Structure formats: structure tokens, C-alpha cells
1. Specify the residue with the greatest mean-square fluctuation among A:A102, A:A34, A:A124, computed from a Gaussian network of chain A linking alpha-carbon atoms under 10 Å apart.
2. In percent, what relative contact order does the stretch A:40-152 have, based on Cα pairs under 8 Å that are 6 or more apart in sequence?
3. Going by amide H atoms built from the backbone, whose H comes under 5 Å of the H on B:A153, apart from near neighbours?
4. Using a 1.4 angstrom probe on the protein heavy atoms only, could you order A:R149, B:R83, B:R146 from most to least accessible area?
5. In whole Hz and in residue order, list the ³J(HN,Hα) couplings for the stretch B:42-59 that follow from phi through the Karplus curve 6.51 cos²θ - 1.76 cosθ + 1.60, θ = phi - 60°; x for Gly and Pro.
6. Shape verdict for the stretch A:40-152, please, from the Cα gyration tensor: rounded (a/c under 1.5), prolate (a/b greater than b/c) or oblate.
7. From the phi of every residue in the stretch B:34-40, what ³J(HN,Hα) in whole Hz does the Karplus formula 6.51 cos²θ - 1.76 cosθ + 1.60 yield, where θ is phi - 60° and glycine or proline is x?
8. With n ≥ 4 as the cut-off for DSSP H runs, can you work out [θ] at 222 nm for chain A, using -39500 (n - 2.57) per run divided by the number of residues, rounded to the nearest 500?
Amino acid sequence: MKGNELSPSISRFLPFLWWLVATTLVVAISFFSANLERKTLADMIDRALKAAGDSRRVESSIPSWGPDGVASLAGERFLLKKNEGKVVVFTVNGSGASATLAAFYSSKKSIDLILPLGEGSRQAIPRLPAGLIDTYKYRILESEQKIDRRIQSK
Amino acid sequence: MKDDKDTGLFWGSEGQLSSLSCFVLLFAVTSRMAHTILISSVIFLVFPITSAILKSSAILIPQRHDFFIRMVIVSALTAIASRLFSIPWPIPVRDCAFYLGAIPLCYVSGSYKLRFESKSTLAALVSSAKDALVFSVLAFALVLVREPFGYGALSVPGPEGAIEFFGLSAVSSFGARFVSAGAGAFILIGYIVALYRKIRFRLYGKPLCGDNER
């Protein structure tokens, strides 16, 4: 590649320019597509709950900033209606199978339900290594309890 | 004996199979056809556009920071493509999030040198599209063996994950189910590599690891 025509000062500046343009583009597109993706996921959680005969429903997504947003270890987070807890959507990969799951963190500070999102995830669960979903479950539980403790201490 | 560069994208030393980084992707995304379709689509979008951008803006890329800029551009384009594909297929993109990260590695460790020896932007774009085609053909050849034996079905990506369009429950409970798991993929790839080297030697008389190998 020929870059010798440029002066050294411009050459030094150009990597930063490339990095800045690329990062700005990624952030802009992520910002505009994230809302749409969260809405789709919220609809899927509601459908999974309805299929499981659970009366709980999603109210809104929890942004990844603010007092309740940081330090979440895995996945997209949603708030349930009537203060019935939170939902964490996470993906598990292992042994050539992957599944997207929703973990329900109840107001009693425990994970009382894990549901697969979509038919593909439901089929993948028996193929995942034993105990892998439990590992994620305990990570999410620990993370959510940590956030609760931090909010209470403020 | 022909020169390596004349042996084309598939058989040449700068082809997709000559780099182990592409095997990571081949190994990871070929258990479900839904994932193969997603990754192939992203590669078809990212490889040619990256080559076209890098070739057309060659004057703005200082030689000293060439590799860094190439990595930034291909990573950014992969991130943008995965965000765009997450609109129609949110669950498959989540399932493949880890594997999408291997696409920039596959591009920079692959045959990029050939792309920049191209005379024009269009030629670089076409060469990269051929690279993407080679990867897709290999991936589909693998998934057409792995998924029917492992899951007893073939799948396409949909908004709620993999949608199966034919299913045989008898096959999925068959002993060859291990083919869809990691161990089965390693065995299959071993056979493919052995076959690849044998055919390559027959065609061009030049083994992958040097002239002493037979």
C-alpha cells in the first residue's frame, strides 16, 4: 500500500482518524438498532411466559447505564410489570450448541425460572454440557444481588 | 510444479484453507445451518466492502500503521454488520456473537495480500467476494453433513432462532449425533484436511508443509 505521499505529521494523525470514524459509526448504528432489538426480545419473553402459563409480563428494558444498569455480568436486562422482578436474557454456548435463555430474578431475590427463547434454543438445551446453565444462573444471581445491595446502600 | 499463487483461491497457499484461523470459524458455525447462513452473509458483506474501502483509500493509510488500520476497519464493519443482522435475526446473532468476533481474524490472516496486489478497487472487491464464496462453500459442505446427523433437520435463521424446515426424529437419535458436537467436528475436519492435501498434491505436486512431505 502506498502511503509515502503524505507528510509524517498527517501520517501520525490518520490512524486516530480511522479509529474515530470507525468507532463513531459502530456506536451510532448500535444506538439506533438497540431499541428495535430490545423490543423484539421483550415480545419474545412475553410469548415464552404466555406459553409457560405464567402471568408475568415485561414492562421495559433496563438501560446499561444509571444506578441499576452497571455491573451486570451477562446479557440484556428487562423490568417486569407490577414490580415482580427482572429478566436477564443471556446466551449459552457449548458442545456445538447454543441457546438464548431468559432468567427471571424475582422480588424475593432468587432466580425462580429459566425459559428458552425460541424453538431453536429449546432444542439446544439437552445438548449443552450438564451444569453450564446453572453456572450462568449463579453468576446472574450474584450480579443482581450485588446491584440490589449497591442500590440499597445509597 | 506450479507456483502456489497460480493455484487459485481454494488450493493456493493464500487460500482460505491454508490459514488455521478460518478453521475456527468453520468448526464453530457448522453445527446449525442457521448459523452458517448468518456467518456466510456477514462474511459476504464484510470481506468485499473492507477490501474496497482499504484499496480505494490506500493513500490515506500510512504504511507503518497498515495492519492496525486494516484490523480497525474490518472489526468496525463486522460490528456494524452484526448490528444490522440483529434487527431481523436477534436470536441467531446472539447465538453467534462469539464467532462473529473471529471474522476480522479470518480476514487479516487470510489472503489480504493478494487483494491489495489487485489493480483496481473493483478487482479487490471481486477477489474478496471469491474468498467469501470459498468459505461459504466449505461451511455449507460441512453443515450439510453435521446438522442432518446431529439434529435430524436443516434450519434457517428466523427472528426467534433457528427454524427447522425438515425434521427426522429417528435420525437425531441415531448414533452419529456426535457429528454435531465439537468432537465430531474435529474428526470431520481431520478427514477434510487429509483429503484436501491429497487432492492438492495430486493436482499440483506441492504439499502444504514443504517438498519433503509425501
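The values are calculated or read from the model by the stated rules, or taken from the named source; none is laboratory data. Everything numeric in this text was worked out from a predicted model, so none of it was measured. Note: ideal-geometry Cβ built from the backbone for every residue, glycine included; neighbour counts use all protein chains shown. Heads up: the accessible areas ignore ligands, DNA and RNA and are worked out on the full protein's heavy atoms, side chains in. Shrake-Rupley method; radii C 1.70, N 1.55, O 1.52, S 1.80 Å.
1. Among A:A102, A:A34, A:A124, the largest GNM mean-square fluctuation belongs to A:A34.
2. 21 percent
3. Excluding prolines and chain starts, which carry no amide H, the hits are B:L168.
4. Highest to lowest solvent-accessible surface, that is A:R149, B:R83, B:R146.
5. Running phi through 6.51 cos²θ - 1.76 cosθ + 1.60 with θ = phi - 60° gives 5, 5, 4, 7, 6, 4, x, 5, 4, 4, 5, 5, 5, 6, 6, 10, 4, 5 Hz.
6. Oblate.
7. Going residue by residue, I get 4, 6, 4, 5, 4, 5, 5 Hz, with x marking Gly and Pro.
8. It comes out at -16500 deg cm²/dmol, rounded to the nearest 500.
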